[in-house]
Amino acid sequence: MIESDVVGWIVAGATTAGPRVSVGSRLQSAALPAVTIDMTTGSRASLGTSSMLHRYSLTINAIAIDMASAQSLAEAAAGYVKLNAALGGGAAYDLNFAAIQEPTPGDGDEMEPAIAVAELEILYPGT
Amino acid sequence: MAVPTAGNAVFSINAAAVGEVASATLTVSRQPIEVTAIGDTYRKHEYGIVDGTVNLELFWDTAGVTGHNTIVTALENGTLLTAAAVVWESGKSISGNAYVQDVSITVAPNGVAQATCTLIFSGSAITITQ
């Protein structure tokens, strides 16, 4: 599955999130920074089986204790997705990047983490 | 019953499938010729000659994908593409030799290079296999 490929690409890139890259959600007690990915759509993009392409929509959430860390982590994670998609004979490009959800006060007075969101479209060879 | 196109449908040139085709639209027509005589009460037409065009949408890659270079080379040199065919199911197709009328390449900041092409069947039979 492409989700596991994407997780592998980001983990292998040794970002500041290290191995804390997961699909969908993260454990609330997990250390930061961390990355979650969400593959929202997947579809066939080309006819036939010659150089067949699949198209995926990917959202990367980079979660860190401050905005700058979250943003640089999102950029790094998106960069590894683009790099590895190209190495695999596909292509990935940004639809949206550098969108920051700034930390908000949670219950009590503790600050919740900052989240940077990157949205990518991936065209990847299918089988 | 509807025919799923996912894996079976292809656009091919000389029996070789062209890669990274986002869509192929084939139109076959027979323009009517008006033969109404003066004094007739109603218009009258005869069948004209069979004509056909193919409109393609491609993820444009002349370096790495089968067939894209063939299309742009045919346009550049004014040569015919042999047996341009739209196949919608195994063994079912419409094909003919075709000229490349136009190639339009679109690039945008967030995306990949895409092209639309128009081919016109010319000078030989349009074969309908169904």
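Derivation of every value follows stated rules applied to the coordinates shown; laboratory data play no part. The structure displayed is predicted, hence computed values, not measured ones. Using ideal geometry, Cβ is built from the backbone for each residue, glycine included, and neighbour counts are taken over all protein chains shown.
Helix A:2-12 axis versus longest C-alpha principal axis of chain A: approximately 60°, rounded to the nearest ten. Other residues lying with their Cβ under 14 Å from the Cβ of A:D94 contribute a combined charge of -2, Lys and Arg counting +1, Asp and Glu -1. Of the chymotrypsin sites (Phe, Trp or Tyr not before Pro) found in the stretch B:23-130, those in coil by DSSP whose Cβ has at most 10 other Cβ atoms within 10 Å are B:Y42, B:Y47.
The convex hull of the Cα atoms of the stretch B:20-129, projected and averaged over all directions, covers 10.1 nm².
Residues whose amide H falls under 5 Å from that of B:Q101, counting only those 5 or more places apart or on a different chain, are B:T118, B:L119, B:I120, with hydrogens built in the peptide plane. Taking label positions 7 Å along the Cα-Cβ direction at both B:A125 and B:E46, the computed distance is 2.3 nm, reported to one decimal. The distance separating the Cα centre of the stretch A:74-127 from that of the stretch B:93-130 comes to 36 Å.
About its Cα centre, the protein assembly as shown has a charge dipole of approximately 960 debye under the convention of +1 per Lys or Arg Cβ and -1 per Asp or Glu Cβ, with nothing else charged.
With a ≥ b ≥ c taken as the square roots of the eigenvalues of the C-alpha gyration tensor of the stretch B:55-100, please select rounded if a/c is under 1.5 and otherwise prolate if a/b is larger than b/c or oblate if it is not? Since a/c reaches 1.5 but b/c is at least a/b, the shape of the stretch B:55-100 is classed as oblate.
Couplings for the stretch B:9-23, taken from phi via the Karplus curve 6.51 cos²θ - 1.76 cosθ + 1.60 with θ = phi - 60°, read 6, 9, 10, 10, 10, 6, 6, 9, 4, 8, x, 6, 8, 6, 6 Hz in order; Gly and Pro are left as x. Sequence-ordered 3J(HN,Hα) estimates for the stretch A:55-66 from the Karplus curve with 6.51, -1.76 and 1.60 and θ = phi - 60° stand at 10, 10, 9, 10, 10, 10, 10, 9, 10, 8, 7, 9 Hz, glycine and proline given as x.
Which angle from 0 to 90°, rounded to the nearest 10, does the C-alpha axis of helix A:67-87 make with the longest principal axis of chain A? Rounded to the nearest ten degrees, it is 10.
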